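Just below is one structure, and these are the notes that go with it.
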Amino acid sequence: MQSNPNNKPGMLYVVATPIGNRDDITLRALNILGHVDLVAAEDTRHTGRLLAHHKIKCRMISFHEHNESERTPDLINRLKSGLSVALVSNAGTPSVSDPGYRLVKEAVINRIRVSPIPGVSAAIAALSVSGLPTDSFVFIGFPAKKKAKRLDQLKDLVGESRTMVFYESPKRILTFLKEIITVMGDRYGVLSREMTKLHEEFIRGFLSEILASLNARPAIKGECTLLLTGCEKNKEVSIKTVRTEISKALEKKQSKLSELSKIIAQKYGLPKNKVYDEALKLKRKMQSQKHN
C-alpha cells in the first residue's frame with residue numbers, strides 16, 4: 001500500500017484492537033497493520049508491543065487526545081498524497097470513547113475513503129455476557145469528570161428504559177456508583193472488569209452489593225464497564241415506597257419540590273403531578289409537625 005503515483009487519496013483504516021488478550025484480533029486487522037504506510041496509535045509503546053507479539057513491523061506516529069487537533073491536518077495531508085493510514089487506540093474500536101473522531105470527520109469532509117476494520121468493543125463484549133436486555137441499549141461511555149455535570153447526566157437518564165452502558169476508571173468507580181444510587185436508586189447492574197485478561201471478572205447484583213464488594217478490596221484495578229438496568233416504566237409501586245423516597249429527599253433539602261417530584265416520577269414511571277401532590281402533602285405535614 002505505497003503512495004499512489006496518480007496522486008489519488010489514500011485510505012484511512014479504523015482498526016479495532018484487543019481490549020486485553022492480544023490474540024483477540026482479526027486476520028484482516030493484522031494484514032492491514034502489516035501493509036499500511038503509517039499507523040496512528042494512541043500510545044506507540046502499547047501498540048508496539050501488540051505488533052511485536054504478532055511479528056509486524058511498521059512506521060508509527062502518536063495520535064492521542066492531547067495532540068489530536070494538531071496531528072489531524074498532517075495526517076489528512078498524508079492521506080491526500082496517497083498514503084494509507086491505520087488508526088488504532090490502546091484497546092477496542094477507535095473513536096468510540098477514544099481519539100479518532102476528529103480525524104474521521106475531516107477525512108469524510110475531504111472525501112478520503114474511510115474503512116472500518118471491525119473487532120473488539122468493550123461495550124459489546126460486556127453487554128453480550130451481562131444477562132441484561134440487549135435488544136435495545138444506550139451507550140453513554142465515560143461520564144463527565146465534573147460532579148455537577150455528571151449528576152445532571154444521571155438525572156437526564158433516570159427515565160431511560162433501555163440498558164445503559166458506562167465506562168469508568170477504577171479511581172472513580174466507587175464515587176460514580178454512589179452517585180447513581182443517590183440519583184437513580186439501587187438498581188440491578190453488572191460491573192465488567194479486566195475483560196479477556198487473566199483476572200477477568202463480572203460482578204452482578206444491585207449497585208449497593210457491587211459497591212460493597214469493591215469497598216472490601218484493598219485496591220481496584222482495570223478499566224471498568226458498567227451496565228445498568230433501565231427504568232421499569234409499568235411496574236407497580238406502592239404509595240408507601242414513593243412517600244418514603246419523597247420524605248428522604250425533603251429531609252436532605254437538596255432540590256426544589258418540582259425538581260425532586262420530576263426525578264421520583266421518572267424513576268418509578270409515575271405521573272409527575274401525582275408525585276408532586278404527594279410531596280406537597282408531606283411537606284405541609286412536616287412543617288406542621290415542626291410548629292407543634
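The values are calculated or read from the model by the stated rules, or taken from the named source; none is laboratory data. None of these values were measured; they are calculated from a predicted model. Because the Cβ atoms are built from the backbone with ideal geometry, glycine has one as well, and the counts that use them run over all protein chains shown.
The residues of region 14-59 that are assigned to a strand (DSSP E or B) and touching a Pro at 6+ places or on another chain (Cβ under 8 Å), listed by number, are V14, V15. When residues in region 23-44 are screened for being closer than 19 Å to F63 by Cα and of a type in the set (D, E), 3 of them pass.
Considering only region 149-185, state which residues are part of a loop (DSSP other than H, G, I, E, B) and more than 14 Å from the chain's Cα centre (by Cα).
V158, G159, E160, S161, R162, K171, G185
Mind telling me which of the residues V114, V158, V165 ends up being in contact with a helix residue (DSSP H, G or I) (Cβ under 6 Å, 6 or more places away or on another chain) and under 30 Å from G82 (Cβ atoms)? Only one candidate qualifies: V114.
Residues checked against (1) at pLDDT below 95; (2) touching a His at 6+ places or on another chain (Cβ under 6 Å); (3) more than 16 Å from A29 (Cβ to Cβ):
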residue	(1), (2), (3)
S62	no, no, yes
I76	no, no, yes
S84	no, no, no
S97	yes, no, yes
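Within region 180-205, the set of residues being touching a residue at least 40 places away in the same chain (Cβ under 8 Å), closer than 17 Å to E232 by Cα and of a type in the set (D, E, K, R) comprises R187 only.
Is at least one residue of region 172-185 buried (at least 20 other Cβ atoms within 10 Å of the Cβ) and within 30 Å of V14 (Cα to Cα)? Within region 172-185 (the criterion being buried (at least 20 other Cβ atoms within 10 Å of the Cβ) and within 30 Å of V14 (Cα to Cα)), the answer is yes, since at least one residue qualifies.
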